[in-house]
Amino acid sequence: MHELSVAQALVDAVESLIEQNGARAARRIRLRIGPLAGVVPALLTSAFPLAAAGSRCERAELDLIEAPIRVRCQTCGAESEAAINRLLCAACGDWHTQVVSGDELLLERVELDLQEEPQEEPMETLNYGSPP
Amino acid sequence: MCDTCGCNLTPGNRQFAYKPVEPSATTVSVLKGLLQKNDDQAAHNRAHFDARGILALNLMSSPGSGKTALLEATLAALKDEFNCAVIEGDLETENDAERIRAQGVQAHQIVTGTACHLDAHLVHDALHHMQLDGVDLLFIENVGNLVCPASFDLGQHLNVTLLSVTEGDDKPAKYPVMFRAADAMLISKTDLLAVLDDFDPAKAEAHLRELANPAPVFRLSAKKGEGLAAWLAWLREQLTAQRARVAQGRTRLPKIQPDGVRLHTA
Ligand SMILES: Nc1nc2c(ncn2[C@@H]2O[C@H](COP(=O)(O)OP(=O)(O)OP(=O)(O)O)[C@@H](O)[C@H]2O)c(=O)[nH]1
Ligand SMILES: [Zn+2]
Ligand SMILES: [Zn+2]
Ligand SMILES: [Zn+2]
Ligand SMILES: [Zn+2]
C-alpha cells in the first residue's frame, strides 16, 4: 500500500547519511521492522529498487530485520513476548500493557562506500563475508 | 561473521572499505522515523490548529462504514453550538464534500486519485483552501481503508476508528495496526444489529482491549440517530481538553506515534 513512500523516505534518509559522511554510495542498509509498524517487509523489498533507481542507494543491499513484539505490563511489571493481535501480559493476562518492541521502523545501520572513484573491479562481483 | 566491526574485510573487497555507523551514533543521528518528512509537516499542521484552538479529528474506517453519514449526523447536532469544518479524502468524487456542504458546513475535498491514504502534505494543501479562523472542530475524513491511514500522522489530535456491524466483530484482531491507533472506536450502523445477530459488540470491544487499547467504545447509528449523545459528549469533552492544552502551550499527538520507538530513543 504505502510501502513505496516508505522506500522513498528510506532512500532520502540514506542519501543524507551519504552526504554527511562524504561517502560515494551506500553498500548495505539494515532496517528493523516491527510487525506493528504497518509496513509489509515483502512489499518494501520490491518497492526499494524503484525508489532507489538513479540514487546512490541503487546498488545497496537491503536487509530487513523483523523485530519481535514485546510488551511491558503496567499492572505486574513483567515484560513478555506477545502476538500481533494479542498484546496481553504473558505473566498475568492483563491488557494494560505497553509495547516496548515490535512497532518500530528503524534505520539501524548503513554501510557506506567511502571510495572516491569506482575501481576497475565491478561491484557486482563483490562478495561480502566470504573470502575469495 | 561479525558485520559490525569490519572484520569481514578481505583482500578482495578491501578497496571498498565501508564505514559502519557506530551504534552510539546510530541512536543519535540515524534513529528517527523514516516518515520524518511527513511527521514534520504533521507537526506544522498541528501548530496551525493549536494556534487557533482547533481540535482536529481523523476519521478512519473501511470504505462505506459510515464516516460521512456520521459526520452528517454529528454536524446536524453540533453546527449551532460550534464552528465546524471538514476535510474529505476520497479516491475520485466530490460527493462527500457536497453532502457536508448541504448542511451549511465548510468542506474541502481532497481527491487523492489512486492514493489509498491521506498524508500531512495533502492536508496542508487543503488547509490553504479553507477559512480556519474561528473554527472549533475540524474533522478529517480519511480514505476508506483499514491499512495505511493508521501510519500517517496528519497533524490531528485524535483518531476515531469506525467499525460497522456489517464488517464482523473480529476486525480489530485482523487489522491491529489500525485499531491500535484509535483514540475512540465507534461501532456504527447499530440499527442493523437486529438483523445481524452474528456481530457481538462486546466481542469487538474485547478484541480492542487485546490490543492494549483503552479507547472508549461508542455504539451508534447515524441513520437512526441512536447512541449519538455519548459520542457528542465525548467530542465536547475533547474540545474542552484541547482548549486547556492550548492555554498551557501544550499539544496532543494522536495514537500513531509508536510507543516502542519512543522507548528506544529514551
Ligand atoms: N443502516 C445504516 N446504514 C448506514 C448507517 N450509516 C451509513 N449507512 C449507509 O452506509 C453506506 C455508506 O455510508 P457512508 O457514510 O457513505 O460511508 P463512508 O464511510 O463515508 O464511505 P466512504 O467515504 O466511501 O469510505 C450508505 O449507504 C449509508 O446510507 C447507519 O447508521 N445505519
Ligand atoms: Zn502482568
Ligand atoms: Zn465518506
Ligand atoms: Zn496508503
Ligand atoms: Zn502552513
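The values are calculated or read from the model by the stated rules, or taken from the named source; none is laboratory data. Because the structure is predicted, anything quoted here is derived from the model rather than measured. Please note: Cβ atoms are built from the backbone with ideal geometry, for glycine as well, and neighbour counts cover all protein chains shown. Please note that ligands, DNA and RNA were not included when accessible areas were found on the heavy atoms of the full protein model with its side chains. Shrake-Rupley method; radii C 1.70, N 1.55, O 1.52, S 1.80 Å.
Leaving out ligands, DNA and RNA, and with a 1.4 Å probe, what % of the accessible surface on the range B:14-263 is carbon or sulfur? Provide the component values of the computation, followed by the final result.
On the way: 5280 of 9960 Å².
Of the solvent-accessible surface of the range B:14-263, carbon and sulfur hold 53 percent.
Working value for chain A: equivalent-ellipsoid semi-axes of 37, 15, 13 Å, each the square root of 5 times a Cα gyration tensor eigenvalue, largest first.
When accessible surface is computed with a 1.4 Å probe, chains A and B are found to bury approximately 4200 Å² between them, both chains counted.
Highest first, please rank the peptides B:208-215, B:88-95 by the mean number of other Cβ atoms sitting within 10 Å of their residues. Intermediate values should be presented prior to the final figure.
Working: B:208-215: 20.6, B:88-95: 17.0.
Packing order, densest peptide first, comes out as B:208-215, B:88-95.
If the range B:147-255 were replaced by its equivalent ellipsoid, with semi-axes equal to the square roots of 5 times the Cα gyration tensor eigenvalues, what would those be, largest first, whole Å? Before the final figure, lay out the partial values.
Details: eigenvalues 135, 62, 22 Å².
Three semi-axes, in Å: 26, 18, 10.
In terms of solvent-accessible area of protein heavy atoms at a 1.4 angstrom probe, what is the ranking of B:W234, A:W95, highest value first? Let's see the in-between values first.
Numbers: B:W234 20, A:W95 70 Å².
Listed by decreasing accessible area, they come as A:W95, B:W234.
Pairs over the 27 Å Cα-Cα cut-off, from the set B:K37/B:K189; B:K79/B:K189; B:K79/B:K223; B:K37/B:K171; B:K189/B:K255; B:K203/B:K223: B:K37/B:K189; B:K37/B:K171.
DSSP finds beta bridges in the range B:14-263, and of those with both partners inside it, around 5 percent are antiparallel.
Put one equal scatterer on each alpha carbon of the range B:130-182, apply the Debye formula with no solvent term, and list log10 I(q)/I(0) at q = 0.26 1/Å to two decimals. Here log10 of I(q) over I(0) equals -1.12. Among A:34-46, B:142-154, B:235-247, B:162-174, the peptide with the highest mean count of other Cβ atoms within 10 Å heads the list, and the full ranking is B:142-154, B:162-174, A:34-46, B:235-247.
Nearest 5 is fine: what % of DSSP beta bridges in the range B:155-266 come out antiparallel, could you say? Working shown, then result.
Details: 1 of 9 bridges.
Looking only at bridges with both residues in the range B:155-266, the antiparallel portion is about 10 percent.
Values of log10 I(q)/I(0) for the range B:14-263 across q = 0.09 Å⁻¹ run -0.40, by the Debye formula with one identical scatterer at each alpha carbon and no solvent. With K and R counted +1 and D and E -1, the other residues having a Cβ less than 11 Å from that of A:P35 yield a net charge of -3.
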